[in-house]
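Inspection log for the structure reproduced underneath, given as structure tokens.
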Amino acid sequence: MAEAGSPKKLPLDALWRARTSKFGDFAGYDMPLQFEGLIPEHMWTRQHAGLFDVSHMGPCFFALPKGHGLEGDEAHKKVAALIERLVPADIQGLKPGQVRYTMITNAEGGVLDDLMIARPAEPGAAGDLYIVVNAGCKHQDWALIEEATKGEANLVRADDRCLLALQGPKAHIVAAAVIDPALAEVSFMSVKRYDAFGRLTVTRSGYTGEDGYEILVRAEHAADLANALLAHPEVKPVGLGARDSLRLEAGLCLYGHDLDPTTSPIEADLAWTIQKRRREAADFPGAKRILREYELGAPRKRVGIRPNDRAPAREGVEIVKDGKTIGIVTSGGFSPVLNGPISMGYVDAAYAEPGTGLELMIRGQARAATVTPLPFVPHNYYRPKKGD
Amino acid sequence: MTTRYTKDHEWVRLDGDVATIGISTYAAEQLGDVVYAELPAVGKSYAQGDDMAVVESAKTASDVYAPISGEIVETNSEITGENWPIINEAPEAAGWFVKLKVSDKAELDALMDEAAYADYVKGL
């Protein structure tokens with residue numbers, strides 16, 4: 001649900017405009033789409049570190065009212081139980097400093113948005129959650145959260161700040177040099193605050209399949225931080241274009257394309273995001289359908305697809321087997337790493353096995369393709385060895 | 001030989017009654033690195049404005065329209081041979097798409113000349 005009127009400017013608009021003129025409207029924001037070129041930016045992120053401005057997204061803090069009088073796990077469990085009214089993940093079970101990927105589901109078991117929920121590491125922040133939702137859904141999501149938890153907790157928007165994503169195998173070197181040496185050693189899917197550039201909330205996370213960080217910084221310090229990161233020889237700016245090809249290679253869903261209010265998390269192959277305690281409690285929106293599909297399998301499933309020739313199969317392309325329509329492509333394009341076309345889509349469960357031959361209807365012509373395991377390109381997430 | 005341009009960023013250059021057709025330098029730059037292109041078969045006929053070819057970058061797929069009516073007499077073997085980078089390297093020369101035997105030269109009059117196209121692109 002983009003806001004009406006002309007698109008909003010990012011707080012760092014001038015900084016990006018000095019580096020590119022290729023901007024486009026995305027979810028109501030005027031966003032840099034491309035700098036030196038989609039493919040070079042994509043490959044730079046896979047080999048070095050790309051800096052993305054994702055300030056259009058919806059970071060927020062969700063907190064028990066001041067003076068709640070609870071500490072530690074007790075405070076956390078209370079605030080987590082409130083957000084669990086909307087999502088099927090085990091949020092109560094988060095350890096301090098842990099981040100989890102989850103979804104807001106509807107009563108029919110469809111997905112209203114996918115999001116990250118973090119439990120702050122700092123004891124003083126017990127009873128707070130740090131949540132990042134998608135740009136296009138943020139107003140709807142925040143309204144839903146407030147409606148479901150009215151008077152029991154407060155939601156504070158943080159989308160007046162900047163959210164910068166630093167992604168790539170060299171991101172840890174850059175973050176350690178520019179922000180804090182401790183960032184090199186924190187685990188993927190963790191969160192912590194750092195006293196640098198004002199005060200930063202940094203998650204080790206991202207949506208490119210690479211190691212990296214998402215950094216929430218106050219707008220008045222954002223240019224200093226972005227310039228300091230860009231001054232590092234391992235860092236180049238990357239636009240939304242490459243963000244999309246990176247997440248597609250990584251087999252990650254884009255809300256509104258690969259996920260929507262009719263798609264269940266099981267169909268989307270996201271059963272791993274619903275932890276045992278929640279499956280047993282069956283107390284989240286859409287639990288009936290989602291748990292039935294969890295037990296018996298969903299009628300259709302999200303799969304990776306590689307066209308056998310060079311023609312990309314993009315969103316909306318029909319998937320056919322023996323003359324019968326069995327699914328649809330929900331994301332598709334070109335993989336710079338594989339140097340060929342890749343797609344994701346939904347197919348009838350009978351055809352979801354990797355290696356299955358299919359046909360894609362591209363411009364009226366059936367073209368052979370093969371179901372392929374996801375991700376197309378292996379994830380490269382940093383997790384310290386146990387016992388470290 | 002003058003080059004004429006369409007609003008959809010095709011160019012066309014007439015030599016006798018055969019027109020060479022491609023996409024403009026501006027179009028190639030906007031598209032970015034070409035990762036796929038599909039040309040029509042020799043012998044097919046198109047009316048001015050018909051869907052004739054497809055060119056795709058990592059970012060997007062674009063239709064290429066026939067800038068003038070006629071029959072395809074040759075396709076660029078560099079492109080059919082999957083040497084797509086030639087479209088970015090020399091969009092208005094070696095990166096041409098097709099040659100077409102023109103059925104009505106007067107259709108060219110409706111297209112922009114180089115100066116008019118340069119002005120048109122400036123306004124985009």
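Considering the stretch B:19-42, and only residues there that are open to solvent by 40 Å² or more (accessible area, probe 1.4 Å) and modelled with pLDDT of 95 or more, the residue that is nearest to residue B:121 (Cα to Cα) turns out to be B:26. Close Cβ contacts (under 9 Å, 6 or more residues apart or on different chains) running from residues in the stretch A:79-94 that are without any contact (Cβ under 8 Å) to a residue 24 or more places away in the chain to residues that are open to solvent by 10 Å² or more (accessible area, probe 1.4 Å) and polar (S, T, N, Q) comprise A:81/A:92. Annotation: residue A:283 fulfils all but one of (1) surrounded by fewer than 20 Cβ atoms within 10 Å (Cβ to Cβ); (2) within 12 Å of the chain's Cα centre (by Cα); the unmet one is (2). Does residue A:329 qualify as being surrounded by 15 or more Cβ atoms within 10 Å (Cβ to Cβ) and either in a loop (DSSP other than H, G, I, E, B) or away from every other protein chain (no Cβ under 14 Å) (or both)? No, not satisfied. Looking only at residues in the stretch B:66-83 that are within 14 Å of another protein chain (Cβ to nearest Cβ) and outside any loop (DSSP other than H, G, I, E, B), the one that is least open to solvent (accessible area, probe 1.4 Å) is B:79. The residues on offer are A:354, A:384, A:299, and the sole one that is open to solvent by 40 Å² or more (accessible area, probe 1.4 Å), within 23 Å of the chain's Cα centre (by Cα), within 29 Å of residue A:276 (Cβ to Cβ) and away from chain B (no Cβ under 14 Å) is A:384.
Counting only strands (runs of 3 or more DSSP E) wholly contained in the stretch A:17-68, the ones carrying 1 or more residues that are of a type outside the set (A, V, I, L, M, F, W, C), within 14 Å of chain B (Cβ to nearest Cβ) and surrounded by fewer than 20 Cβ atoms within 10 Å (Cβ to Cβ) occupy A:23-26. Would you point out the residue of the stretch A:140-179, among those that are within 19 Å of the chain's Cα centre (by Cα) and part of a strand (DSSP E or B), that is surrounded by the fewest Cβ atoms within 10 Å (Cβ to Cβ)? Ranking the candidates gives A:157 first. Looking at A:292, A:278, can you tell me which residue is more than 14 Å from chain B (Cβ to nearest Cβ), open to solvent by 70 Å² or more (accessible area, probe 1.4 Å) and assigned to a helix (DSSP H, G or I)? Within the list A:292, A:278, the selection yields A:292. Among the residues here, residue B:86 qualifies as more than 12 Å from chain A (Cβ to nearest Cβ), open to solvent by less than 60 Å² (accessible area, probe 1.4 Å) and within 22 Å of residue A:336 (Cα to Cα).
The values are calculated or read from the model by the stated rules, or taken from the named source; none is laboratory data. Everything quoted here is computed from the prediction, not taken from an experiment. Because the Cβ atoms are built from the backbone with ideal geometry, glycine has one as well, and the counts that use them run over all protein chains shown. Ligands, DNA and RNA are excluded from the accessible area calculation, which covers all protein heavy atoms including side chains. Shrake-Rupley method; radii C 1.70, N 1.55, O 1.52, S 1.80 Å.
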